[in-house]
Amino acid sequence: MKRLVTLLAIVAFGGGCMLHDVKEDRSAPVKIPKAYSTGEETERRANPWWKELGSPGFENYVDELLAENFDLKRGFARVKQMQAIAKKTGSARWPVVDGKVGVSMNQRVFSLGDLGDQTIESTSYPIDVSIGYEVDLWGKVSSAVRASELDLVASRDDLSAMGLSLTGAAARLWFLIREHQAHLELLDRQEKIGLDYV
């Protein structure tokens, strides 16, 4: 009877320790026409989009903005931090080897009575090596590695989104400035034409 109760307890409580496997389904729910972008293109442009406009002044403006932006610098540092964390977390998949090497010097003096003292010196080099490995029985290590890899992807995507947002804002501001400059040039021309008729 005790064995049956123990077996039932193991089955009841052991069921809560089962791993949950999440299936990632990233397919679009509807078919996207070829005229639209799906965001899955692997090809990257040879040049950033603002360099393809053929406006050297705008290119220099955006390049300077990106080079001097503290939020982008912080984003790059965050990506480097996530890379280091992912590398450190991934190292848990491998055995840990720990070694110690020491030097020990001993000196012993023996008194031989009338013959005097005899000194014996000895040097030893103790070596201690240990190897440890954590068996990933419950998926703890693989889950931590996957989480750190996803954190790295998220930090890269955040950095990319920040760069797109900054370049988009720069483009809006640049074109607004160019629009106002064109209006001023038009007003200057109208003023000259108006003065010619006076």
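The values are calculated or read from the model by the stated rules, or taken from the named source; none is laboratory data. These numbers were taken from a predicted model, which means no experiment stands behind them. Every residue, glycine as well, gets a Cβ built from its backbone with ideal geometry; the counts of neighbours run over all protein chains shown. Note: areas computed on protein heavy atoms with side chains; ligands, DNA, RNA excluded. Shrake-Rupley method; radii C 1.70, N 1.55, O 1.52, S 1.80 Å.
Things to note:
- A straight chain from residue 169 to residue 27 at 0.36 nm per residue would run longer than the Cα-Cα distance by 48.0 nm.
- Probing with 1.4 Å while keeping every protein chain in the model, the per residue accessible area of the range 83-197 equals 83 Å².
- Note on residue 82: accessible area is roughly 10 Å² with a 1.4 Å probe, heavy atoms of protein only.
- Restriction of the chymotrypsin sites (Phe, Trp or Tyr not before Pro) in the range 119-179 to DSSP coil positions whose beta-carbon has at most 16 other beta-carbons within 10 angstrom yields 133, 138.
- Residue 101 accessible area, 1.4 Å probe, all protein chains in place, Å² to nearest 10: 120 Å²
- Sequence of 61, 125 when ordered by accessible area, the most exposed leading, probe 1.4 angstrom: 125, 61
- Figure note: 123, 89, 167 ranked by solvent-accessible area, largest first, 1.4 Å probe, ligands and nucleic acids not counted: 123, 89, 167.
- Heavy-atom accessible area ranking, 1.4 Å probe, most first, across 148, 111, 55: 111, 55, 148
- Gyration tensor verdict on the range 67-166 (Cα atoms; rounded if a/c is under 1.5, prolate if a/b is larger than b/c, oblate otherwise): oblate
- Listed peptides 140-146, 116-122 by packing density, highest first (mean Cβ within 10 Å): 140-146, 116-122
- 3J(HN,Hα) from dihedral phi, the range 116-122, Karplus parametrisation 6.51/-1.76/1.60, rounded to Hz, x for glycine, proline: x, 9, 10, 10, 10, 10, 9
- Placing a label point 7 Å from the Cα of residue 161 along the Cα-to-Cβ direction, the residues of the range 80-102 whose backbone N falls under 20 Å of that point are 80-83.
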